[in-house]
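These notes are about the structure you will find just below.
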Amino acid sequence: MKRIALSDIDFNSEEIDRVSDVIKSKWISMGEVTKEFEQKFADYLGVKHALGVASGTAALHMANLVLDVKSGDEVILPSLTFVATANSAIYTGAKPVFADVESKYNFSISPKSIEEKITKKTKAIIVVHYAGYSCNMKQIMDIAKEKNLFVIEDAAHAPGSEVSGKKLGSIGDIGCFSFFSNKNLVAGEGGMIVTNDDKLAEKIKKIRSHGMTSLSWDRHKGHAFSYDVTDLGYNYRTNEIASALGLCQLKKLDKNNEKRKELSILYRKYLENAKGITLPYNNVKEKSSCHLFPVILDEKISRVKFMEFLKKNGIQSSIHYPPIHLFSYYKKRFGFKKGMLPLTEFIGEREVTLPLHPLLKDEDIKYIAEKIIDFCDTVK
Ligand SMILES: *Cc1c(COP(=O)(O)O)cnc(C)c1O
């Protein structure tokens, strides 16, 4: 039987060689390889500053911190995202305020819903470019400007995606990327935080490393002998091994995103007339990283049975996402309830993510689509 994983990693001898070089050099904490990765990532995105960090979550936490999000503030964000997006605001003491998505078949945060949630306490908006498809950044940036709010882009799904010729992550005040093992650019763990603002970049550099005024790297290079601590910082640094992987992966990113796109187009072709399945983001013209391939099941189809059937046929599937506002911790702490976000909840109940990664073959997509059509035929 076929075994098709939800995601897989395109590593080859390039990554092995680059990581070996780092290990042989014995400088494995942050150093020159990280600098090179940061520079190349900044150039790729067209931003002034890119700073390598320990994870996408660390990037999001620091984004909130340096924009001075704190206790008493509210941060507006989607509930249909990975829990880290919302946790990052709570770490600062702020309250997450969830906005609904655009529609049943467009999972981006809705500008109209954002406007409805704005209060005197609102400090920032975190947008998530779900599956690599851009939110309505024009409208969201206009709202932010009018109401004097910061915009953080959670671009964990979207390295390489664009809107109106601009790379996602480069549009808001700060962009956050993740290099976790199931993302489009993989470094094991790790992330990148990007901005065009010199002052924010300086702050991020400092709190990434304990709030210290000089790093062991600078001292090693002979720039400084002691240091002061001027802020409450963290150890949110990346390391040379992750950066070596990141450099190799960045080189392949456009090619692999293109492959994901071709496979997504194939899915759309094969599943176009499948009864019981709706394909979101069907007519997107903007360049997308095609991080995920989500489908929505009709009410008649049991999601559990659908996913069990796929599993029995060797096909891994997943759910993106169980809405955050319905997690026990969030319900208990903030009193969130079912019914608050009807569109998000609809998607949370009916979405299934199919396998999508650059190592899949056309025949894999055909196989998955045929199995899905078989299953749906048994339901009618
Ligand atoms: C993966 C992910 C994160 C967290 O990134 P980590 O590197 O795992 O900390 C945050 N937001 C979204 C939307 C993600 O997909």
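Scalar couplings 3J(HN,Hα) for the range 98-105, obtained by applying the Karplus form with A = 6.51, B = -1.76, C = 1.60 to θ = phi - 60°, are 8, 9, 7, 8, 5, 7, 4, 10 Hz; x denotes Gly and Pro. Taken over the C-alpha atoms, the chain has Rg and Dmax values of 21.2, 74 angstrom. Checking the Cα-Cα distances for Lys70/Lys123; Lys2/Lys311; Lys95/Lys331 against a 18 Å cut-off, no pair goes over it. Equivalent ellipsoid of the range 79-237: semi-axes from √(5λ) of the C-alpha gyration tensor, largest first, are 31, 18, 14 Å.
Simple rule: put +1 on each Lys or Arg Cβ and -1 on each Asp or Glu Cβ in the chain, find the dipole, and look at Leu200, Ile76, Ala144; the Cα lying farthest toward the positive end is Ile76. The charge dipole of the chain, taken about its Cα centre with unit charges on the Cβ of Lys, Arg, Asp and Glu (plus for the first two, minus for the last two), comes to roughly 680 debye.
Within a straight-line Cα-Cα reach of under 15 Å, Lys120 can be paired with the following aspartates and glutamates, leaving aside sequence neighbours fewer than 8 residues apart in one chain: Asp73, Glu74, Glu146.
Straight Cα distances below 15 angstrom link Lys40 to the aspartates and glutamates Glu32, Glu240, Asp254, with same-chain residues fewer than 8 positions distant left out. Report summary: the helix-based calculation at 222 nm, which adds -39500 (n - 2.57) for every DSSP H run with n ≥ 4 and divides by the residues of the chain, gives -12500 deg cm²/dmol. Amide H contacts of His291 (H built 1.01 Å from N, in plane; Pro and chain starts excluded): Gly132 sit under 5 Å, all sequence-distant by 5 or more or on other chains. Farthest towards the positive end of the charge dipole of the chain, among the residues Ile118, Thr230, Leu45, is the Cα of Ile118, using unit charges on the Cβ of Lys, Arg, Asp and Glu.
For the range 164-173, putting each phi into the Karplus relation 6.51 cos²θ - 1.76 cosθ + 1.60 with θ = phi - 60° gives couplings of 6, x, 10, 6, 5, x, 9, 9, x, 5 Hz, in residue order, rounded to whole numbers and with x for Gly and Pro. Comparing Val101, Val163, Val304 in a Gaussian network model of the chain where C-alpha atoms under 10 Å apart are linked, the largest mean-square fluctuation is found at Val304. Looking at the chain, the DSSP beta bridges with both ends there are about 55 percent antiparallel. Across the range 266-277, coupling constants 3J(HN,Hα) worked out from phi with the 6.51/-1.76/1.60 Karplus curve, θ = phi - 60°, read 4, 3, 4, 5, 6, 9, 3, 9, 5, 6, x, 10 Hz, and Gly and Pro carry x.
Each value in this text was obtained by applying a stated rule to the coordinates, not by laboratory testing. What you see is a predicted model, and the numbers here were worked out from it, not measured in a lab. Don't worry about glycine lacking a Cβ; one is built from the backbone with ideal geometry, like all the others, and counts go over all protein chains shown.
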